[in-house]
Amino acid sequence: MKHSYMKSMVVACLATLSFIGFNATATAATNYKVVKGDSLWKLGKRYSVTIDDIKKLNNRQGDMIYIGETLAIPSKTKVLAAETTEPSTAAPANTAKPEPKPEAKPADQETPAVSISSSEKDLLARLVEAEAKGESYKGKVGVATVVLNRVDSPKFPDTVTGVIKQVVGKAYAFSPVQNGSINKPASEDSKKAVEQALTRKDRLDDSIYFYNPKTATDNWIRSRAVIKTIDHHVFAK
């Protein structure tokens, strides 16, 4: 009787220690002090986590961060390890559970190289729809790529929302924002084009401009170095 009681206590202690170790790993995070030029999008890209991961860990609703503040950045590697860790048991050596096979992704679905919030994906897809409606899928990807290239460029705001809603002079940088056509819902093609652009496989040589040479009235834009023409749009640096 005494032997059985001691055995039960040992098993209970092991389970408790495993549970404590699980929680410590799951909540592992890195403290980061915000510096000039940082954004949630850039931090997510740097640490391979999503903007929503960072906002959730820091109890944030909006996307604004401030120079000098300290943010907790979730450790993606440790979080993933915690999710697959199980408490130790006294199971026989030959009865170990096989590791689950990762789910196969559809052939046309690729893992994004960068992550943005769902609201910014929708905003970007609506801009693509308005700017490249009637263009090919490749042309839509090109428009989304220019926006992401601007986010990476020091010449433009460092968020997707900031780039799309940037005011130049007395007007918005993108005409669909000015005339309101950006408020129309995006097509499935435009949504897929955004996902494709986020893989960053083709950055169009870091093009930060696009225009239709048949309708453009600004001579300055025509002075930019042309990288590629897709459908009716010229992409330039």
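The values are calculated or read from the model by the stated rules, or taken from the named source; none is laboratory data. In this text, all values refer to a predicted model and were calculated from it rather than measured experimentally. Neighbour counts are summed over all protein chains in view; Cβ atoms, including those assigned to glycine, are modelled from backbone coordinates with ideal geometry. Note: areas computed on protein heavy atoms with side chains; ligands, DNA, RNA excluded. Shrake-Rupley method; radii C 1.70, N 1.55, O 1.52, S 1.80 Å.
Only one entry in I221, I182, I230, I164 is touching a Phe, Trp or Tyr at 6+ places or on another chain (Cβ under 9 Å) and in contact (Cβ under 8 Å) with a residue 60 or more places away in the chain, namely I230. Taking residues in the stretch 47-69 that are within 16 Å of S115 (Cβ to Cβ) and without any contact (Cβ under 8 Å) to a residue 24 or more places away in the chain, and partners anywhere that are among the basic types (K, R) and not in a helix (DSSP H, G or I), the pairs with Cβ atoms closer than 9 Å and at least 6 places apart or on different chains are I54/R60.
Of all residues in the stretch 55-66, those satisfying the criterion of being at pLDDT 85 or above and either assigned to a helix (DSSP H, G or I) or open to solvent by 70 Å² or more (accessible area, probe 1.4 Å) (or both) are K55, K56, L57, N59. Residue count for the stretch 174-191, restricted to those that are crowded, with 17+ Cβ neighbours inside 10 Å and either touching a strand residue (DSSP E or B) at 6+ places or on another chain (Cβ under 7 Å) or closer than 15 Å to G142 by Cβ (or both): 3.
Going residue by residue through the stretch 121-142, is there one that turns out to be open to solvent by 10 Å² or more (accessible area, probe 1.4 Å) and among the β-branched types (V, I, T)? Looking through the stretch 121-142, at least one residue is open to solvent by 10 Å² or more (accessible area, probe 1.4 Å) and among the β-branched types (V, I, T). Report, by residue number, each residue of the stretch 203-236 that is among the acidic types (D, E) and either touching a strand residue (DSSP E or B) at 6+ places or on another chain (Cβ under 7 Å) or surrounded by 13 or more Cβ atoms within 10 Å (Cβ to Cβ) (or both). D205, D206, D231, listed by residue number.
Selection of helices (runs of 4 or more DSSP H) fully inside the stretch 127-237 by the criterion of at least 3 residues being modelled with pLDDT of 95 or more and of a type in the set (D, E, K, R) returns 137-152, 188-198.
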